[in-house]
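Novice: Below is the structure I would like to discuss, written out as structure tokens.
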Amino acid sequence: MHTSNLSEQELIRREKLKSLQELGIMAYPAPAFPVNSNAVFIKSNYKEGENNAEFGAVCVAGRIMSIRDMGKASFAVIQDSTGKIQLYLKRDEICPAEDKTLYDKVWKHLTDIGDIIGVKGYVFTTKTGEISIHVKELTLLAKALRPIPVVKEKEGETFDAVTDPEFRYRQRYADLIVNPQVKEVFIKRSRMINTMREFLNGQGALEVDTPVLQTIPGGAAARPFITHHNALDVPFYLRIANELYLKRLIVGGFDWVYEFSRNFRNEGMDRTHNPEFTILEFYVAYKDYFWMMETTEHLLETTARSVNGSTMVKAAEKEIDFKAPYKRISIYDAIGEATGADVSRMTEEELRNLCKKWHIAADISMGKGKLIDELFSTTCEHQFIQPTFITDYPVEMSPLTKKHRSQPGLVERFELIINGKEIANAYSELNDPLDQRERFEEQSALMARGDEEAMFIDHDFLRALEYGMPPTAGIGIGIDRLTMLLTNQPSIQDVLLFPQMRPEKLVDGPATPKP
């Protein structure tokens with residue numbers, strides 16, 4: 001970066017870096033720093049007069065968040081991965097010999113908020129009752145050349161915290177520094193995934209990996225991203241789902257497989273959609289969608305308890321209870337309650353007219369399944385706040401699902417709706433290869449009509465089914481949306497460490513974040 005593009009603060013910090021180098025001070029030293037404690041442990045366990053010996057030689061490291069210069073002594077606050085702790089530095093103890101350079105020049109004039117330091121010392125309680133570290137040794141570990149937005153604190157309250165989404169999502173590293181509470185969202189996300197993994201492993205499931213690059217973007221109705229494989233000289237697609245590969249493994253003899261899958265769909269972005277997202281899919285031989293509903297209830301109840309200590313969670317002003325069992329209602333009944341219309345016997349033209357009545361755009365590329373899906377999404381999906389299984393979809397909506405055992409024209413499928421959004425989608429999987437071929441061909445006809453989300457015909461998957469796949473239940477659970485619910489976050493970007501954004505022009509440096 002040319003110096004002409006730097007701010008005044010950035011130029012000053014680079015001059016300080018140069019001064020440090022002239023003094024022989026390494027601004028980015030190579031040796032590891034022997035950290036033996038952290039802020040939260042010290043503040044939680046230190047008791048004045050009881051365990052002084054245990055905290056008589058602590059070694060901690062962190063980022064400087066504030067400095068109060070008092071001449072020959074000073075206070076500072078550093079922040080490590082667990083939280084903040086106050087430091088007390090005294091000139092003659094940092095520099096017991098005649099040379100006071102480390103304190104007078106390095107600490108007082110060449111050190112800035114944002115720098116990362118390591119300190120050694122002992123823990124004590126100040127006159128105001130604050131647990132602090134009395135510093136005996138000080139080491140600069142990394143000089144920050146860019147100033148961080150200053151966050152002021154008073155009596156536990158935070159002022160001027162950076163809330164500008166453009167800054168927070170684009171510079172997540174800085175967001176995590178100045179808004180450390182954001183870390184809790186991602187800690188809970190990790191705990192949630194680990195709990196789900198433990199639940200599945202405890203049931204005997206096997207975690208597997210399937211291809212991200214696929215020659216056929218199968219397993220879902222979505223618009224794919226397209227790339228090119230230079231060595232093979234053929235087009236490839238980033239996967240929109242891993243379903244068909246996991247079912248291949250059921251054909252191959254595994255009874256229960258699962259994968260936490262990164263999927264990609266070249267579609268719109270909003271508060272609940274991101275083009276790159278995470279989904280948990282698992283498939284179990286000799287089970288059906290009734291079994292899957294019960295298993296899903298227990299999985300999500302267990303996960304909610306693990307993440308939040310309760311089945312009750314807050315979603316904005318709403319309270320949602322993940323305790324099993326969950327309500328069940330068919331998609332036809334749900335639409336009927338919302339519109340007063342019986343869509344179960346409607347033709348495509350009648351469905352199109354009903355869509356127009358409800359001001360739903362219905363173009364010629366949309367078949368019966370897409371029209372019913374739009375009716376449900378527009379008229380009633382938002383009404384289901386508590387966990388609800390929407391069941392028994394029309395066959396046109398579900399090309400990978402087994403036909404209903406007792407209701408002609410329907411399939412054995414459910415979607416789990418929570419807080420008005422789909423969280424999971426599950427089937428009694430279609431294992432009849434001839435029926436599956438016909439469904440794929442119907443999808444191909446929709447693609448010819450202009451439906452960009454219609455499924456491709458996957459001939460290899462059909463070949464796998466012809467070897468015989470046992471009755472199977474399968475599900476996909478949206479990890480990002482579930483995280484939003486369990487952490488009370490309003491946007492999917494708040495539960496993704498690095499959400500997709502338009503490329504940033506960095507010639508003049510990023511804009512100053514808005515408080």
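Novice: Please state the charge dipole magnitude for the chain, taken about the Cα centre, from unit charges on C-beta atoms (+1 on K and R, -1 on D and E), reported in debye and rounded to the nearest 20.
Specialist: Rounded to the nearest 20 debye, it is 1660 debye.
Novice: Another question, if that's okay. By accessible area of protein heavy atoms, probe 1.4 Å, what ranking do Val307, Val40 get, highest first? Display every interim value, and only then the final one.
Specialist: Working: Val307 10, Val40 70 Å².
Descending order: Val40, Val307.
Novice: How much length is gained if the chain between Lys183 and His134 is pulled fully straight, taking 0.36 nm per residue apart and subtracting their Cα-Cα distance, in nm to one decimal?
Specialist: Difference between extended and current length: 14.9 nm.
Novice: Enter the angle in degrees (range 0 to 90, nearest 10) between the Cα long axis of helix 368-379 and the first principal axis of the Cα atoms of the chain, meaning the one along which they spread out most.
Specialist: That helix lies at roughly 50 degrees to the long axis.
Novice: Please compute the contact order of the chain in relative form: average sequence separation of alpha-carbon pairs under 8 Å and at least six residues apart, divided by the residue count, as a percent.
Specialist: That works out to 13 percent.
Novice: Treating the angle as unsigned and between 0 and 90°, give the value, to the nearest 10°, between the Cα long axis of helix 433-448 and the longest Cα principal axis of the chain.
Specialist: 80
Novice: Can you give me the long-range amide H partners of Leu206? Hydrogens built in the peptide plane at 1.01 Å from N, cutoff under 5 Å, separation of 5 or more residues or another chain.
Specialist: Those lying under 5 Å, H to H, from Leu206 are Trp256, Val257, Tyr258.
Novice: A further question on this structure: Any idea what the relative contact order of the stretch 194-288 is, in percent, if you count C-alpha pairs under 8 Å spaced at least 6 apart?
Specialist: Details: 163 pairs, mean separation 25.0, N = 95.
Across the stretch 194-288, relative contact order equals 26 percent.
Novice: Taking every pair of Cα atoms in the stretch 399-485, average 1/r, invert it to obtain the Kirkwood radius, and report Rg/Rh to two decimals.
Specialist: 1.02
Novice: Would you mind working out the accessible area per residue for the stretch 340-379, using a 1.4 Å probe, and quoting it in Å²?
Specialist: I get 54 Å² per residue for the stretch 340-379.
Novice: Separate question: Work out from phi, with θ = phi - 60° and the Karplus expression 6.51 cos²θ - 1.76 cosθ + 1.60, the ³J(HN,Hα) of each residue of the stretch 489-500, listed in order in whole Hz, and give x for Gly and Pro.
Specialist: Calculated HN-Hα couplings, in order: 10, x, 9, 5, 5, 6, 10, 10, 4, 9, x, 5 Hz.
Novice: Quick one: Karplus J couplings for the stretch 113-123, per residue in order, coefficients 6.51, -1.76, 1.60, θ = phi - 60°, nearest Hz, x for Gly and Pro?
Specialist: Each residue's phi maps through the Karplus curve to give 4, x, 5, 9, 10, x, 9, 10, x, 10, 8 Hz.
Novice: Here's something else I'd like to know. Keeping all protein chains in place, calculate the accessible area per residue for the stretch 1-147 (probe 1.4 angstrom), answer in Å².
Specialist: 54
Novice: Could you check what % of the DSSP bridge pairs in the chain are antiparallel, to the nearest 5?
Specialist: 90
Novice: Which option, (1) 31.0; (2) 22.7; (3) 35.5, is the value of mean projected area of the Cα convex hull in nm² that was calculated from these coordinates?
Specialist: The value matching this structure is (1).
Novice: With 18 Å as the limit, write out which pairs from Lys183/Lys421; Lys72/Lys136; Lys108/Lys143; Lys72/Lys105 have Cα-Cα distances beyond it, or answer none.
Specialist: With Cα atoms farther than 18 Å apart: Lys183/Lys421.
Novice: Separate question: In debye, nearest 20: dipole of the stretch 338-468 around its Cα centre with unit charges on the Cβ of K, R (+) and D, E (-)?
Specialist: My answer is approximately 340 debye.
Novice: A follow-up question, please. For Val35 and Asp270, compute 0.36 nm times the residue count separating them, minus their Cα-Cα distance, and round to one decimal in nm.
Specialist: 80.4 nm
Novice: DSSP loop (so not H, G, I, E, B), at most 15 other Cβ within 10 Å: list which trypsin sites (Lys or Arg not before Pro) in the stretch 209-301 pass both filters.
Specialist: Values: sites: Arg239, Lys247, Arg248, Arg262, Arg265, Arg271, Lys287; in loops: Arg239, Arg265, Arg271, Lys287.
Hits after loop and neighbour filter: Arg271.
Novice: When the solvent-accessible surface of protein heavy atoms is calculated with a 1.4 angstrom probe, in what order do Met292, Met65 fall, highest first? Let's see the in-between values first.
Specialist: Numbers: Met292 0, Met65 30 Å².
Solvent-accessible surface, decreasing: Met65, Met292.
Novice: Order of 340-351, 404-415 by packing, highest average Cβ count within 10 Å first?
Specialist: 404-415, 340-351
Novice: If you take the square roots of the eigenvalues of the alpha-carbon gyration tensor of the stretch 203-246 and sort them as a ≥ b ≥ c, do you get rounded (a/c under 1.5), prolate (a/b over b/c) or oblate?
Specialist: Details: a/c = 3.70, a/b = 1.76, b/c = 2.10.
Taking the square roots of the gyration eigenvalues as a ≥ b ≥ c, the stretch 203-246 is oblate.
Novice: Once you order the gyration tensor axes a ≥ b ≥ c over the Cα atoms, which shape class does the stretch 239-310 get: rounded for a/c under 1.5, otherwise prolate or oblate by comparing a/b with b/c? Mind showing how you got there, number by number?
Specialist: Working: a/c = 2.36, a/b = 1.08, b/c = 2.18.
Cα axes put the stretch 239-310 in the oblate bin.
Novice: Rounded, prolate or oblate: which one fits the stretch 238-368, using the alpha carbon gyration tensor with axes a ≥ b ≥ c (rounded when a/c is under 1.5, else prolate when a/b beats b/c, else oblate)?
Specialist: Since a/c reaches 1.5 and a/b is larger than b/c, the shape of the stretch 238-368 is classed as prolate.
Novice: In addition: Using alpha-carbon pairs under 8 Å, 6+ residues apart, how would you state the relative contact order of the stretch 302-370 in percent?
Specialist: Normalised by residue count, the contact order of the stretch 302-370 is 14 percent.
Novice: Mean residue ellipticity at 222 nm from the helices of the chain, using -39,500 (n - 2.57) per DSSP H segment of n ≥ 4 over the full residue count, to the nearest 500 deg cm²/dmol?
Specialist: -9000 deg cm²/dmol
Novice: Sticking with this one: Taking 0.36 nm per intervening residue step and subtracting the Cα-Cα distance, what contour gain separates Asp460 from Thr126 on full extension?
Specialist: That works out to 113.1 nm of additional length.
Novice: With unit charges on the beta carbon (Lys/Arg positive, Asp/Glu negative), name the residue among Leu110, Ile42, Ile492 whose Cα is farthest towards the positive pole of the charge dipole of the chain.
Specialist: Leu110
Novice: How do Trp358, Trp107 rank by accessible surface area computed with a 1.4 Å probe, from largest to smallest?
Specialist: Descending order: Trp358, Trp107.
The values are calculated or read from the model by the stated rules, or taken from the named source; none is laboratory data. Because the structure is predicted, anything quoted here is derived from the model rather than measured. All Cβ positions, even for glycine, are placed from backbone atoms using ideal geometry, and neighbour counts span all protein chains on display. These area figures cover heavy atoms from the full protein model, side chains too; ligands, DNA and RNA do not enter into them. Shrake-Rupley method; radii C 1.70, N 1.55, O 1.52, S 1.80 Å.
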